[in-house]
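Notes for the one structure printed next.
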Amino acid sequence: MIQSIDYYAVAAPLILALTGGLVLILDAFLPRRAYARPLLGVITLAGVLVALGVVVTQALRDGAALRTFCVPEGLAGPTRAGLGALPAGGGPEAGAAGAVAGPSCSFVVDDFTTVFAGLALLAGVVVVLLSMAELSHTDIPVGEWYFLLLCTLAGAVALPAARDLVMLVVALELVSLPVFALTALRRYDGRASEAAVKLFLVSVVSTAVMLFGVSLLYGMTGTVYLDRLAHTLAEAVPAIDTAAGRVSVGSRGAEQVTAQMGDQGISSAYTSSLQITHDLPPVVTVAVVLVLAGFAFKVAAVPFHAWAADVYQGAPVPVAALLSVISKAAGFAGLILVLVAALGSQAPVWAPIVAIIAALTMTVGNLLALRQRNAVRLLAWSSVAQSGYILAPLGVLSGEAMRASIAYLIFYAVMNLGAFTVVMLVARRNGGTEIDDYRGLVFRNPLAGLALAFFLICLAGLPPGLAGLFAKIVVFREIVDGGGAWLAVVMAVNTVIGLYYYVAWTMRIFTPVQVTSPVQVTSPAGVPSGADVTSGAGTGVTSGAGTGVVPGAGTGVTSADGGDEPARAGDEGPDAASRRGRVRGEWLPVGVAIALAGVVAVAFSVAPQLALDLVPTAFPPPG
């Protein structure tokens, strides 16, 4: 069997893979000069931007979805999947013996694909910019870093296009496996090594659980294609007509099996939820639960959340940002594909489970975030809580649930990425990531302080952060319309809890620090030393005597924000100019990342309908 490949459909992940290979080759042959690290970063950024351009052109094109790696039309499906398996089915127009009238494809580029691929690549641009600052003055191997990052992005772009279980699992692992290697690249760092081991163990366990569920689904249906899987399961679910007193199995007139229930019709006991799913083997329910548990690990949903805070804190800030947005978006893309596209007929089984997981996730995440004093750990638990909000619409049986979840994910990704960009700036300048390190940030760095405050207000859902408020309203409306009143109440309570730590962090940004007064210290010869000393700070200066000497006075002191002021003119060494140039080169990418996230956040706050316009109205899209 020869399959034709549509290279335009697979262009985005292919470009990322080729760029990764190019980066590795250049890293091996380029001389170890100062320009090598930024050059590799620029090449990586260019590859991500080219892939993003391809995704944009795919999104703007008219016509049917792009499909490749397809099963030829008319190829018969399996006549028997296994012992006790469900009847073999095909596509939507399957005929007898499971023959497929329309081709089933492994890779499909439609509106759903372009939304998630575009989100992953936009987030990838920010992560690459943060990586350029992270790698500027460290011993982290730059070639390996960018190669692993591009592999993760390739998986994140390929995953929403996957339409069979095998490709779905492979793409999800391509997203996950490079991340713990990225975490461990910061050698001789015990916390980073611990985070990498925890993430590795979680990834292995979640993959094993999910593969067990996938194998059960394949064994019972005899297919790995999502459309065939959905058709086979839908054919086996009985359609109960209480008025006529009969149960119909299947949808094809010639093959319907009708069971008359007697003169008294179907009793209420017979039509209970336990009886509705009795025609499906119990192993199908087990498979659904196992697949759901595997994805719950990936998105850090309760009770599979314990790894999040330690991994986020131990990983470099760019990797933490990648985990919170790109990895999470890929996990939700796979979850929506499996639940909505393949297991839609099993919604009565998985929807209540998802609703309970969503309620627990948002509650536990918010309660744990209340106790955090470290900025990265707070964002980690906040990310867990946000996962609960994204899951909540999927917990109600509503046709618009997927749309609400994707819309909230888009808003969350922009705001969370923006918060991580400012955290990176403060961490590199101050050398600390505690919440108290942000006290008075708006006075030391007005742009960074205002940007972080805006991102936090958006995450809290307060004006003027209308993007976050609009996202929460969309989710609330969908939950209420779907009949999940209790879940809406839980979400409302958790939104109020989340306000506390977001507003508390924001207040620190606008709280001025203790004013320091410069003290003129004179040497015994009566010549001013020019050192600025904080009064009462324990600097070793004897007050009142006027003769205390600060060791190293005049050699550059620590500024209010923790950064080093430029050395005095008389003490400037020959490499001072190059040092200032390196500092400018280090902060420039972070500044661009903050500006990029800020512009998108403001645009979504001014016109939040822009995000909803990006979300597909149906899945799978027509055509």
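The values are calculated or read from the model by the stated rules, or taken from the named source; none is laboratory data. Keep in mind that this is a model prediction, so the values were computed, not measured. For neighbour counting, all protein chains shown are included, and Cβ atoms are generated from backbone atoms with ideal geometry for every residue, glycine included. We work out accessible area using only protein heavy atoms, side chains counted, and drop any ligands, DNA or RNA first. Shrake-Rupley method; radii C 1.70, N 1.55, O 1.52, S 1.80 Å.
Starting from one equal scatterer on each C-alpha and no solvent at all, send me the Debye-based log10 I(q)/I(0) for region 119-200 at q = 0.14, 0.26 Å⁻¹, two decimals. Log10 I(q)/I(0), no solvent term: -0.51, -1.25. Shown in residue order for region 24-34 are the 3J(HN,Hα) couplings computed by the Karplus curve 6.51 cos²θ - 1.76 cosθ + 1.60 at θ = phi - 60°: 5, 5, 5, 5, 6, 10, 6, x, 6, 10, 5 Hz (x for Gly and Pro).
Amide H to amide H, with H built 1.01 Å from N, Leu66 comes under 5 Å of Val109, counting only residues 5 or more places away or on other chains. For region 297-366, the equivalent ellipsoid derived from the Cα gyration tensor has semi-axes of 26, 15, 7 Å, listed largest first. Per-residue 3J(HN,Hα) values for region 317-328, derived from phi via the Karplus relation 6.51 cos²θ - 1.76 cosθ + 1.60 with θ = phi - 60°, read 4, x, 6, 4, 5, 4, 5, 6, 10, 5, 5, 5 Hz in sequence order (x marks Gly and Pro).
Taking amide H positions as modeled 1.01 Å from N, with prolines and chain starts lacking one, the residues under 5 Å from Glu434 and 5 or more places away or on another chain are Ala375. Karplus-based coupling profile of region 500-508, in residue order and whole Hz: 4, 6, 5, 5, 4, 5, 5, 4, 4, with θ = phi - 60° in 6.51 cos²θ - 1.76 cosθ + 1.60 and x standing for Gly or Pro. For region 159-234, the alpha carbon convex hull comes to 77 Å³ per residue, rounded to a whole number. A simple count of charges around Gly314, restricted to other residues whose Cβ falls under 11 Å of its Cβ and scoring Lys, Arg +1 and Asp, Glu -1, yields +1.
Ligands, DNA and RNA left out, the accessible area of region 311-405 computed with a 1.4 Å probe is 63% carbon and sulfur.
Put simply, when 310-321, 595-606 are sorted by average Cβ atoms within 10 angstrom per residue, most first, you get 310-321, 595-606.
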